[in-house]
Amino acid sequence: MLTNRVSIYFVFFLAIGAGVSRGDINLCRCVDSKSACWPSPEDWDAFNVTVCGRLILPKPTGSPCHGPHRSATLCQHIRNNWFDAYLRADNAGSMQSENWEDDGQKSCSMYAPESSVCHQGRVPLYGVQVATTRDVQSAVKFAARHKLRVVVKTSGHDFLGRSSAAGSFLIWMHKWKNITIDESFVSCGGERGNPVVKVDGGVAWGEVYDALKGTGWIVLGGMSLTVSATGGFIQGGGHGALGPSFGLGADNVLQMEVVTADGEFRVVNACHDPELFFSLRGGGGGTFGVVVSVTYKLHKNPSNIVGAFLLLSPSNGTSWSVETQEEILTVWSRGTVSLDAALWAGYWGFSSVQFVGELVVPATLAAANATLTPIVRALTQIENVTATYYVMRNHSTFQDWHAADYEVIYPGTLTDYTGHRVLLGSRIIPFSALKHPRRLAKSIVAAMALGGNGAVLGHMVIGPGVRAADPHRQTSVTTAWREGIWHLASWSTWEWNATEVTKLAARNNMKGFVKSLHSAFPNAGAYLNEASIDEPQWQRSFWGYSNYRRLMAVKLRVDPLGLFVCRKCVGSELWKEDGNCNRHY
């Protein structure tokens, strides 16, 4: 087991072995606009010419409500749409999780008095709205030359704060919208006739799904329509409701285009730089370079899709006892064996006051009924459990289910929990845990009691498709995905004006939840895109030490000076907590 201290020395000696000098390792990024190291106005003007005038000054979401940027009209628009993921994706300075715009108590909330100071917080000071590969290359070279702190952002969906940093320089991908469908793509091995969709840097999953309507094809993508198809989602592995059929997002990538820290444009696939290709498919976003396009394989749209919605409530109108909670999860765990085999997917949420499931399966209505309804019947036979709502219906395509059921019943709340201050924690529950359903149920209820908000969200996104997708380990995601049954998460929140004591309590609650699940499932892993900022042994949890050694070797080859540094990212052990100075500085 690598301790934090050992891992720091491990990557340090790898760096020396990669030809990085001690002088190169001892450095800090320039993050103070008043410092002599900061680019001069003339430097910024010259750079702006190279990117065709696309230099921007990102502002926090709430900036129109305060100070010199105040606009009554814009402020009202912001207040009306504060929790809207589209608004946040469209604003360079907005993060989907509001806490990652804050820097301690330095914030800019719409809830604060109009006379209060709008702090820049962690929102980048300067940025470039890229539209071409050349823009990205210019931005990377400029940042390297001036030793700027670089962050890369498309939609801002990030729970670890990797899309923002105080005093940083932003490479903003969101406006780069090109989608190409090719039904006869030739893979690097010469295989012909592969149907693919190629998406450029700023394309969101909703835009991909719209482009595929009527084509008969579907792609393994995310459930949130505003999440980027080229950013942290895919670079972290990427899960979705089609996972039990088609695997993880990373399993479905045939080729990627990336600009690395030296400003070079690279096309990577299984034949060309397979180690970098391995790293970009699961090694984490904002780490190995700026991905400017991803080519995904397409699948035929299933001919039958059934969606189901289930809501269980306490019959007594109050809440369930711990014993009843354990019984509900025991029955659900037993039933999951047959649901998994039948390729059921979706999401279920559980607390002491409700069990809700938004599920989907590629099957006929009769087949879907045969697998799910007996489990629902068993659940309602538990004392004090009532099925408040249970409906199942046919859809012609996966996209139709997403639009008609998922978006209507839960319009973004399961996958677009935006505009809040929130911390997550998660664990990938191993399939083997289903052998002991009552023990599994007790472990989950115990974790709910120790931390989080007293609730969990279960992601049924693994199934046979994910477990069997990568037998030769060509992606860098944790092997826990290949042995899992659920991705289980919880969260803690706080208000905009919370004290540091309250924030720390929320953070400690999440630590308690994660620690409990670690103890129950010590050999499992966690999904790095939806994990705790305090994830213990994160190298092991996110990738496993064998994968991590390969990832670290690639990191030091393509980014030896650490231009791309982010929290709990490959190589971040070499940097201090804020990511601005090397630990050897």
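Here are the numbers:
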{"quantity": "Using θ = phi - 60° and Karplus 6.51 cos²θ - 1.76 cosθ + 1.60, couplings along segment 438-450 (whole Hz; Gly, Pro as x)", "calculated": "6, 4, 4, 4, 4, 5, 5, 4, 5, 5, 4, 6, 8"}
{"quantity": "Loop-located GluC sites (Glu not before Pro) in segment 354-457, at most 14 other Cβ atoms within 10 Å (DSSP)", "calculated": "Glu383"}
{"quantity": "Ile179/Val353 FRET efficiency (R0 35 Å; Cβ-Cβ; nearest 0.05)", "calculated": "0.25"}
{"quantity": "DSSP bridge orientation in the chain - percent antiparallel, rounded to nearest 5", "calculated": "90 percent"}
{"quantity": "Extended-chain gain in nm, criterion 0.36 nm per residue less alpha-carbon gap, Arg393 and Phe83", "calculated": "108.6 nm"}
{"quantity": "For segment 56-189, radius of gyration divided by Kirkwood radius, i.e. Rg to Rh on alpha-carbons", "calculated": "1.06"}
{"quantity": "Proximal aspartates and glutamates relative to Lys300, as straight alpha-carbon distance under 12 Å, when same-chain residues fewer than 8 apart are discounted", "calculated": "Glu183"}
{"quantity": "Listed candidates [x] 38, 27, 24; [y] 38, 34, 20; [z] 61, 26, 23 - label of the one calculated as semi-axes √(5λ) of the Cα gyration tensor in Å", "calculated": "[x]"}
{"quantity": "Evaluated over segment 179-300, the Cα radius of gyration and Dmax, each in Å", "calculated": "13.3, 41"}
{"quantity": "Furthest towards positive pole of dipole, Val461, Ala449, Phe521, structure part segment 305-542, Cβ charges", "calculated": "Phe521"}
{"quantity": "Test item: Cα-centred dipole of the chain, Lys/Arg +1 and Asp/Glu -1 on Cβ, debye", "calculated": "1120 debye"}
{"quantity": "Taking the chain and dividing mean pair separation by its residue count, relative contact order in percent (alpha carbons under 8 Å, at least six apart)", "calculated": "17 percent"}
{"quantity": "Proximal lysines to Lys503, defined as alpha-carbon separation beneath 22 angstrom and excluding residues fewer than eight positions away on the same chain", "calculated": "Lys106, Lys511, Lys515, Lys568, Lys576"}
{"quantity": "Mean shadow area of segment 409-509 over all directions, Cα convex hull, nm²", "calculated": "8.6 nm²"}
{"quantity": "Size descriptor, Kirkwood hydrodynamic radius, that averages inverse alpha-carbon separations across segment 305-542, Å", "calculated": "18.5 Å"}
{"quantity": "Furthest towards positive pole of dipole, Cys188, Phe288, Val258, structure part segment 179-300, Cβ charges", "calculated": "Cys188"}
{"quantity": "Rg/Rh (Cα only; Kirkwood hydrodynamic radius) as it applies to segment 281-384", "calculated": "1.13"}
{"quantity": "Entries in Lys175/Lys555; Lys147/Lys555; Lys175/Lys297 that, when Cα-Cα distance is taken, lie over 25 Å", "calculated": "Lys175/Lys555"}
{"quantity": "Span per principal axis, largest first, for the Cα atoms of segment 127-246 (Å)", "calculated": "47, 31, 24"}
{"quantity": "Where GluC sites (Glu not before Pro) fall in DSSP loop in segment 511-585, at most 12 other Cβ within 10 Å", "calculated": "Glu577"}
{"quantity": "Packing rank of 280-291, 35-46, 51-62, where each peptide gets the mean count of other beta carbons within 10 Å, highest leading", "calculated": "280-291, 51-62, 35-46"}
{"quantity": "In sequence order, calculated HN-Hα J values of segment 30-41 (Karplus, 6.51, -1.76, 1.60; Hz; x Gly/Pro)", "calculated": "8, 10, 10, 5, 9, 7, 5, 6, 6, x, 6, x"}
{"quantity": "Val150 long-range amide H proximity, modeled H, under 5 Å", "calculated": "Phe169, Val565"}
{"quantity": "Degrees, to the nearest 10: 365-380 long Cα axis against longest axis of the chain", "calculated": "80 degrees"}
{"quantity": "Additional length obtainable on full extension of the chain from Thr215 to Glu500, 0.36 nm per residue less Cα span", "calculated": "97.4 nm"}
{"quantity": "Segment 60-73 - phi-based ³J(HN,Hα) in whole Hz, Karplus 6.51/-1.76/1.60, Gly and Pro as x", "calculated": "x, 4, x, 4, x, 9, 9, x, x, 8, 5, 9, 4, 5"}
{"quantity": "Amide H partners (placed H, <5 Å) of Gly236, local residues excluded", "calculated": "Gly282, Gly284, Gly285"}
{"quantity": "Under-5 Å amide H pairs with Val292, H placed in peptide plane, nonlocal only", "calculated": "Glu257, Val258, Val259"}
{"quantity": "Stretch gain in nm, segment Arg438-His69, where the contour uses 0.36 nm per residue and the Cα spacing is subtracted", "calculated": "127.2 nm"}
{"quantity": "Global geometry of segment 313-440, whether rounded, prolate or oblate, following the gyration tensor of its Cα atoms and the 1.5 cut on a/c", "calculated": "rounded"}
{"quantity": "Rh (Kirkwood; distinct C-alpha pairs) - segment 27-98, Å", "calculated": "14.6 Å"}
{"quantity": "For segment 305-542: relative contact order, % (alpha-carbon pairs under 8 angstrom, 6 or more apart)", "calculated": "25 percent"}
{"quantity": "Dipole of segment 31-175, positive direction: furthest Cα of Trp82, Phe159, His174, with charges on the beta-carbon", "calculated": "His174"}
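Just so you know, all these numbers are worked out from the coordinates, no wet-lab data involved. Remember, predicted model here, so these are calculated numbers, not experimental data. Counting neighbours? That spans all protein chains shown, and the Cβs are built from the backbone with ideal geometry, glycine included.
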